[in-house]
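Beneath this line is the structure, given in structure tokens, with notes to follow.
The values are calculated or read from the model by the stated rules, or taken from the named source; none is laboratory data. Treat the numbers as computed from the prediction; the structure is a model and nothing was measured. Cβ placement follows ideal geometry from the backbone for every residue including glycine, while neighbour counts extend to all protein chains displayed.
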Amino acid sequence: MPPPVHDAPLIRRLLPPLQVLSLVCLVFAVLGALAVSGPWSGAGTTVAVIYGAAVPVVAVLWVARGRVRTASSRAVLTAAVGVVLIPVAVFGTVGFTIPVLLTAVALMVVDVGRAAGVVTVLAVGAAGAALHVSSGNGLLVGLSNALPVVVLLCFGIALGSALTAYEQAQVRDRRTIAERDRALAQLEEAFAQLRRNGEIEKELLLADERARSARDLHDGLGHRLTLISMSLEFARRSREADPGAAWEEVVTAEATAREALSEMRTWVRALSPVRDRDATGADAFEAIAESFRGTGLEVDVDVGGQDLELTSDASLLLYRSVQEGLTNALRHGNADHVLITLGLEDSEVVLRVINDLDRFSRERIDEGEASAGFGLRGLADRAAALDGCVSAGRRRDRFELTVRLAAARGLASEHDRAVSADAAAGETAAPSRHRAGREASS
């Protein structure tokens, strides 16, 4: 089924007034013919009757054209208008009949085609010239009368061509808008699918991280608890037959329990480190370093004597980076010492978390860039949002995590510092107001 046909907005606004005005002009042509020859007498009356009969027929056909929605039906109705107006063109003169003929020719070009409009104009010119020749006026007189009409009707072809070009542009615009809407819908669907894939990947990474953590707990802490159970069971069985051996097993169990407790503290610090929300910059690094020192890890913080005032986003990113670096140093590097440095390098805020590696870690971790796990990928995403970057990998006998931020994005501006100072002042004043209220009420 062909799609419905609709006039372009400009044509819908322009065409009805043109049609009404052209029919009004045709009515004036009827009145003019009657005024020249007198009512019901002479050739003028015949012309008036032809004009007058054409007015309602053309009006009905044009109204029907505006209501149909198929191109073929419009073409038939427009061609019918052309046939009805041929006698008007042939028997008329250059005057009030021209507007209706121009409108008819323009619609012929719009609904049927430019070739149909040209054929209609030539047919009108040929019929007019033939009528003059058959009346004995001669070919020259016929051409001299028909040629002005043909030239005027060419304006109808030009008008129809302009309306057609406009309508085609409207169709192209509607098609472009529809294609854009489809592309936007596809893009939104792709984004939604990307988000779903990201969530799935995140869940898979989390599941892999949980499985690895459970495996490490089972292999490490579980093994030590098994040793404690076996030592205590042996001590219970041999406490009477060999008290010395039994006490040695108790001592072994005690030492193993201390190792298990130390490992548990390591896991607790790694999975949920303590953070002082009022601490920023080097103070925040020192606070988290102190929480990890309880695991036996030696942590040094070096800011090079610089007191860098960071934005809240940059401070949170660097804090998470220190947390990730210390966690990896404990869990994967079996490190004894970690160095945290923060400073400005070539207009960049640079954080480094450097830890040593024991022999087993050096055998397990390859030189070069490390593969991005869930933690490193999360840091990279946070850094990218601040136009920064994150790199991590083994450098000889050390593992280094580096975060770089442009100073313009990482350092707090004067406005940021003023806002932070106002917020701190408000938080300090709030308890004072509460105390004053309680004293007044008492």
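Figures for the structure shown
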item	result
Extreme residue, farthest from the chain's Cα centre (by Cα), among residues of region 350-374 that are within 14 Å of GLU324 (Cα to Cα) and without any contact (Cβ under 8 Å) to a residue 60 or more places away in the chain	ASN355
Looking only at region 82-91, and only at residues there that are surrounded by fewer than 20 Cβ atoms within 10 Å (Cβ to Cβ) and modelled with pLDDT of 85 or more, the one that is farthest from SER22 (Cα to Cα)	VAL83
Options LEU122, LEU194, LEU131, LEU184; residue that is under 27 Å from ALA8 (Cβ atoms) and either part of a helix (DSSP H, G or I) or of a type in the set (Gly, Ala, Ser) (or both)	LEU184
Unique match (being within 24 Å of PRO17 (Cβ to Cβ), modelled with pLDDT of 80 or more and surrounded by fewer than 23 Cβ atoms within 10 Å (Cβ to Cβ)) among VAL105, VAL119, VAL112, VAL94	VAL112
Unique residue being modelled with pLDDT under 80 and assigned by TED's automatic domain parsing to the domain that holds VAL119 when the list is LEU147, LEU153, LEU139	LEU139
Long-range neighbours under 6 Å by Cβ, at least six apart or interchain, first residue under 13 Å from SER321 (Cα atoms) within region 382-398, second in a loop (DSSP other than H, G, I, E, B) and not aromatic (Phe, Trp, Tyr)	ALA392/ALA370
Residue within region 60-68 that is crowded, with 16+ Cβ neighbours inside 10 Å, in contact with a Ser or Thr (Cβ under 6 Å, 6 or more places away or on another chain), at pLDDT 85 or above and not polar (S, T, N, Q) present	no
Meets criteria (of a type in the set (Gly, Ala, Ser) and free of Cβ contacts under 8 Å to residues at least 60 places away in the same chain) for GLY117	yes
Single residue of region 329-349 satisfying the filter (at pLDDT 80 or above and crowded, with 21+ Cβ neighbours inside 10 Å) that is nearest to the chain's Cα centre (by Cα)	VAL349
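Residues are listed down the side, and each one gets a yes or a no for (1) assigned by TED's automatic domain parsing to the domain that holds VAL350; (2) at pLDDT below 80:
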| site | (1), (2) |
| --- | --- |
| GLU259 | no, yes |
| ALA284 | yes, yes |
| SER291 | yes, yes |
| GLY294 | yes, yes |
| ASP302 | yes, no |
